[in-house]
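Scroll down for the structure; my scribbles are underneath it.
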Amino acid sequence: MINVKNLDKSFGDARVLKDISTTIEKGEVVTVIGPSGSGKSTFLRCLNKLEDPSGGSVVVDGKDIMDPNTNINDVREQIGMVFQHFHLFPHMSVLDNLAYAPTKVKGLSKADAEARAQDLLQKVGLSDKAEQYPSRLSGGQKQRVAIARALAMEPDTMLFDEPTSALDPEMVKEVLDVMKSLADTGMTMVIVTHEMGFAREVADRVLFLDEGRLVEDAPPATFFSQPESERAQDFLAKIL
Ligand code: ADP
Ligand code: MG
């Protein structure tokens, strides 16, 4: 589904991704772990060309995102993204947050988009919040709306960049539970997270980044019990 080959990214003189190669299969749940500044967000953002790779290739469902003939908007429509800080439209109700892009981008009728939105709100446990504005919601509720909004575009793949890092501790579980049920539906997911329990339980594979290099690419059972690199061993010793 997503094929990353020799991916490099520099900002000016700073080389922040170094020769990363990995393949994310359809239906796989991959967590990306690593110290702050190791390049996790940049890696994620290169997958849908929110950042331009400096070298190497990223091929999404057969489409090379660097190829000038590729319509990047088509690729982005297939990939939903959820951020640490939600990025909901503050001036729209929850329902309109979900219905907006499907009507504007996919040409759905308002009625169809709203029906889809209601269905998704039910899936994330927020049916009763359809008419609320985001400012009236808790952080956990906002993030569940953000996930539902991304799903309203019916993506093939979902990218998450530290979706629970800005939440109060008591709200982390409700968001992780939604992500877990999404994983159970077979959604392809790439998740930058510090939630090691989630990674261990839900992920098919863990990518560990350190200073821009992919130093571990392993199933969680292997990564958490016998990481190969000293960097990963040090990292896990500090946080577990
Ligand atoms: P992480 O998500 O693992 O904390 P990032 O991908 O955000 O790491 O950042 C990796 C490195 O790239 C950091 O040193 C960061 O300062 C740098 N960086 C990220 N985005 C930019 C940018 N737009 N311009 C310059 N440097 C950046
Ligand atoms: Mg980051």
Rg/Rg_ref, the chain, where Rg_ref = 2.2 N^0.38 Å and atoms are Cα: 1.02
Which of the lysines could be linked to K123 by a straight reach, that is with a Cα gap under 21 Å, when you skip same-chain ones fewer than 8 residues away? K110, K142, K173, K180
Given a Förster radius of 22 Å and the C-beta distance between T185 and E25 as r, what FRET efficiency does 1/(1 + (r/R0)^6) yield to the nearest 0.05? 0.90
Just want to confirm a number: the relative contact order over segment 135-189, from Cα pairs under 8 angstrom separated by 6+ residues, in percent. 47 percent
Inter-probe distance in nm under a simple model that places probes 7 Å from Cα toward Cβ, at E211 and Q132: 4.6 nm
Would you please give the FRET efficiency between S54 and E230, computed as 1/(1 + (r/R0)^6) with r the Cβ-Cβ distance and R0 = 30 Å, to the nearest 0.05? 0.65
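With a/c under 1.5 counting as rounded, go ahead and sort segment 1-115 into rounded, prolate or oblate using the C-alpha gyration tensor (a ≥ b ≥ c being the square roots of the eigenvalues; past the cut-off, prolate if a/b is larger than b/c, else oblate). Can you show the working numbers first?
On the way: a/c = 2.21, a/b = 1.69, b/c = 1.30.
Prolate.
Throughout, read-outs are computed from the coordinates displayed, never taken from laboratory work. Here the structure is a predicted model, which is why all the values come from computation and not from measurement. Because the Cβ atoms are built from the backbone with ideal geometry, glycine has one as well, and the counts that use them run over all protein chains shown.
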